[in-house]
């Protein structure tokens, strides 16, 4: 008892004389969250019900906008369930998550690793979803009830994720900008597609998949080259001309890749915070909310809290009676992206941790 008391007293004394140690510790609510607002719970559960009843028998979500169907939409829907803590092994929506994961694997190109869709956007978001479900879903349960056709494409989530990573890194290696564009064989790049793919790689690395530092470093160099001192981020050309979405994407990838010491990080952080009240007034509001939520949460928790309060109020007026949300690229897209912009209130996804 005396020894324990002495150690405790010494520890308190050390902390009192080194206040920086105290300041560096995050308040528990930043990392783990406080109680989820009732409005979020209500909106989220209604929307998950809509997603679950509108999922196709093959595990994908049909879209009346055909180019939007694929790994991105499937992955966003998967993450929407996972973000609120839904268990892919047991519980109300376990079967929805298993079906979607199987669908992602079955439709993946077994040779190139390219995830089904119409661009590297799909590949990036699909890779992100696989990374988030990897290690959570019991592989023994995944293929229960699968058809013979599906079983011909059977492989583990880890194997599918490694294939997807290989596709992304090979595409980057062959790209003169060391970034990504719509096609895996593209010789140009843009910050929107590159953000989607880079987030997939960062999530995969967090999940334990080996990714060389050079791949991350090269992608960050591309983003640095596209960021001005004023915090503007170019789309496919250096500097200005990009939408309000792009500083949010840049801020997020700088944060998740642990590059907060960069001058470019400070610049885009200032830009994102300054556009909080007007940034969603563009052609891609769901896309903006998705990235702004994560960027603000990672970079400035107080700003995120203010913005989140406004977001909840806004989305509450937008939700349809059936639980869905309208979207510029269809109801499924609008619903999944709206839920993911609210998902920081739960903080279950590893990629949402601070």
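The values are calculated or read from the model by the stated rules, or taken from the named source; none is laboratory data. Predicted model only: the values in this text are computed from it and were never measured. Quick reminder, even Gly has a Cβ in these numbers, built from the backbone with ideal geometry, and neighbours come from all protein chains shown.
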| message | Just to check your reading of the model, which residue among 243, 204 is crowded, with 17+ Cβ neighbours inside 10 Å, under 21 Å from the mean Cα position of the chain (by Cα) and not in a loop (DSSP other than H, G, I, E, B)? | response | 204
| query | Given (1) part of a helix (DSSP H, G or I); (2) touching a helix residue (DSSP H, G or I) at 6+ places or on another chain (Cβ under 7 Å); (3) exposed (fewer than 14 other Cβ atoms within 10 Å of the Cβ), where does residue 224 come up short, assuming only one miss? | reply | (3)
| request: Using the structure shown, decide if residue 340 is closer than 23 Å to residue 132 by Cα and buried (at least 21 other Cβ atoms within 10 Å of the Cβ). | output: yes
| field | residue 135 being within 18 Å of the chain's Cα centre (by Cα), within 22 Å of residue 77 (Cα to Cα) and in a loop (DSSP other than H, G, I, E, B) | value | yes
| remark: With criteria (1) under 22 Å from the mean Cα position of the chain (by Cα); (2) in a loop (DSSP other than H, G, I, E, B), residue 153 comes up short on (1)
| query | Which members of the range 60-91 meet the condition of being more than 20 Å from the chain's Cα centre (by Cα) and at pLDDT 95 or above? | reply | 89
| field | Given (1) in a helix (DSSP H, G or I); (2) out of contact with any strand residue (DSSP E or B) (no Cβ under 9 Å at 6 or more places or on another chain); (3) without any contact (Cβ under 8 Å) to a residue 60 or more places away in the chain, index of the condition residue 196 fails | value | (3)
| remark: For residue 192, the lone unmet condition from (1) more than 26 Å from residue 167 (Cβ to Cβ); (2) in contact with a helix residue (DSSP H, G or I) (Cβ under 8 Å, 6 or more places away or on another chain) is (1)
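Answer yes or no as to whether residue 330 is at pLDDT below 95, surrounded by fewer than 22 Cβ atoms within 10 Å (Cβ to Cβ) and out of contact with any strand residue (DSSP E or B) (no Cβ under 9 Å at 6 or more places or on another chain).
yes
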| field | Positions within the range 95-109 being touching a residue at least 40 places away in the same chain (Cβ under 8 Å) and in a helix (DSSP H, G or I), in sequence order | value | 96, 97, 98, 99, 100, 101, 102, 103, 104, 105, 106
| Are there any pairs with C-beta distances below 6 angstrom linking a residue in the range 252-264 that is farther than 15 Å from residue 216 by Cβ to a residue that is assigned to a helix (DSSP H, G or I) and at pLDDT below 95, with the two at least 6 apart or on different chains, and if so which? | none
| For the range 164-188, what are the residues that are buried (at least 23 other Cβ atoms within 10 Å of the Cβ) and not in a helix (DSSP H, G or I)? | 179, 180
| request: Kindly list the number of the only condition in (1) at pLDDT 95 or above; (2) in contact with a helix residue (DSSP H, G or I) (Cβ under 8 Å, 6 or more places away or on another chain) that fails for residue 117. | output: (1)
| request: Name, by its number, the condition in (1) surrounded by 15 or more Cβ atoms within 10 Å (Cβ to Cβ); (2) in contact with a helix residue (DSSP H, G or I) (Cβ under 7 Å, 6 or more places away or on another chain) that does not hold for residue 94. | output: (2)
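For the range 271-302, give me each residue that is within 17 Å of residue 37 (Cα to Cα) and free of Cβ contacts under 8 Å to residues at least 60 places away in the same chain.
Matches in the range 271-302: 293, 297, 302.
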| request: Would you confirm whether any residue within the range 107-123 is buried (at least 23 other Cβ atoms within 10 Å of the Cβ) and farther than 24 Å from residue 189 by Cβ? | output: no
| task | For the range 276-306, enumerate the residues that are more than 22 Å from residue 329 (Cα to Cα) and modelled with pLDDT of 95 or more. | result | 295, 296, 297, 298, 299, 300, 301, 302, 303, 304, 305, 306
